[in-house]
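The values are calculated or read from the model by the stated rules, or taken from the named source; none is laboratory data. Nothing here was measured: the structure is a model prediction, and the numbers come from that model. As a convention, Cβ positions derive from the backbone with ideal geometry for all residues, glycine included, and neighbour counts pool all protein chains shown.
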Amino acid sequence: MTKKKLVPLLAILVIASAVVWIYRSQSGTQKFALNPYHALGTGAAEETAKLLGNQGAVVVVSPDTGEFKNAAVDGQLQSFQDTLQKNKAMSIAATVKFKLTPMERMATGGAVPRDAFLQALQSHPNAGAVVLFCAFPPLASQDYAALKQSGVKVVVASGYGPAYRKLLEAQVIHLAIVPQFDRPATDGKPPQTLRGWFDQEFQVITSANTATLPY
């Protein structure tokens, strides 16, 4: 297969995996083992603390599960909170919830609406990081400039989005936690720790290792 044909094929496969990840993490009716989702919260908290030098306040943004309960999303948030609170120099300044219709989820890939994202940042100017348990929203050029000027670190835990590579290289997104593109070989036994689940199911991308991304 030629390189010109391979790149679009990879793009389709990655987008498809992101859609499945969004559906599984935001659907309220699925039944599945929660360990990888608890692990995502734990790993995201550990990586956020590392990014901030183990001190600072964090704003968390996630889909609202008030109307339709979602064990996966709730598990991610609870694990994130439990892990972060073990570090007494870290705190959660706020948890921002947003609602999307099924059509809006399909159209946006599950991204937080632009206005909700910017409002979360403006309401907590002293936050060291904002952690999105959803896709990063498309922004206007002036929004990117203001975001970089604010100095807040952006962590995204979601399916991989086509724009993430450029956003990471520009350090608009400082850390992306996405499903593994190529899962590491295992001995067939499930991981025994949440960090083990995290390392098996997800990978951490920064501006330093975007070369590992498929596009």
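Across the stretch 107-119, what is the number of residues that are under 17 Å from the mean Cα position of the chain (by Cα), assigned to a helix (DSSP H, G or I) and closer than 20 Å to Glu67 by Cβ? Here the count works out to 2.
Here is a check on your reading of the model: is Ala44 modelled with pLDDT of 85 or more, more than 15 Å from Phe133 (Cβ to Cβ) and in contact with a Ser or Thr (Cβ under 9 Å, 6 or more places away or on another chain)? No, not satisfied.
Yes or no, residue by residue, for (1) surrounded by 15 or more Cβ atoms within 10 Å (Cβ to Cβ); (2) touching a Leu at 6+ places or on another chain (Cβ under 6 Å); (3) touching a residue at least 40 places away in the same chain (Cβ under 8 Å); (4) not aromatic (Phe, Trp, Tyr):
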| residue | (1), (2), (3), (4) |
| --- | --- |
| Phe136 | yes, no, no, no |
| Gly151 | no, no, no, yes |
| Glu201 | yes, no, yes, yes |
| Ala211 | no, no, no, yes |
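Checked against (1) within 16 Å of Glu47 (Cβ to Cβ); (2) in a loop (DSSP other than H, G, I, E, B); (3) out of contact with any helix residue (DSSP H, G or I) (no Cβ under 6 Å at 6 or more places or on another chain); (4) not charged (D, E, K, R), Ile173 meets all criteria but (3). Check whether at least one residue in the stretch 207-214 is in contact with a Lys or Arg (Cβ under 7 Å, 6 or more places away or on another chain), of a type outside the set (S, T, N, Q) and more than 27 Å from Asp64 (Cα to Cα), and report yes or no. Yes, the stretch 207-214 contains a residue that is in contact with a Lys or Arg (Cβ under 7 Å, 6 or more places away or on another chain), of a type outside the set (S, T, N, Q) and more than 27 Å from Asp64 (Cα to Cα). When only residues in the stretch 104-132 that are hydrophobic (A, V, I, L, M, F, W, C) and within 22 Å of His38 (Cα to Cα) count, which is surrounded by the fewest Cβ atoms within 10 Å (Cβ to Cβ)? For the stretch 104-132, the residue satisfying everything is Ala129. Whether a residue is over 23 Å from Thr65 (Cα atoms) and acidic (Asp, Glu) was assessed, and Glu104 does not pass this test.
A count restricted to the stretch 93-134 and to residues that are basic (Lys, Arg) and either under 19 Å from Leu51 (Cα atoms) or touching a strand residue (DSSP E or B) at 6+ places or on another chain (Cβ under 7 Å) (or both) stands at 1. Please count how many residues of the stretch 79-103 are part of a helix (DSSP H, G or I) and surrounded by 14 or more Cβ atoms within 10 Å (Cβ to Cβ). Final tally of qualifying residues: 5.
Examine the stretch 174-186 for a residue that is modelled with pLDDT of 95 or more, over 17 Å from Gln76 (Cβ atoms) and either surrounded by fewer than 16 Cβ atoms within 10 Å (Cβ to Cβ) or in contact with a strand residue (DSSP E or B) (Cβ under 6 Å, 6 or more places away or on another chain) (or both), and state whether such a residue exists. Looking for residues that are modelled with pLDDT of 95 or more, over 17 Å from Gln76 (Cβ atoms) and either surrounded by fewer than 16 Cβ atoms within 10 Å (Cβ to Cβ) or in contact with a strand residue (DSSP E or B) (Cβ under 6 Å, 6 or more places away or on another chain) (or both), one finds at least one in the stretch 174-186, hence yes. The single residue among Val73, Val14, Val19, Val61 that is modelled with pLDDT of 95 or more, on the phi < 0 side of the Ramachandran plot, β-branched (Val, Ile, Thr) and surrounded by 13 or more Cβ atoms within 10 Å (Cβ to Cβ) turns out to be Val61.
Selection within the stretch 34-58: residues that are among the polar types (S, T, N, Q) and not in a loop (DSSP other than H, G, I, E, B). The member of this set that is surrounded by the fewest Cβ atoms within 10 Å (Cβ to Cβ) is Asn35.
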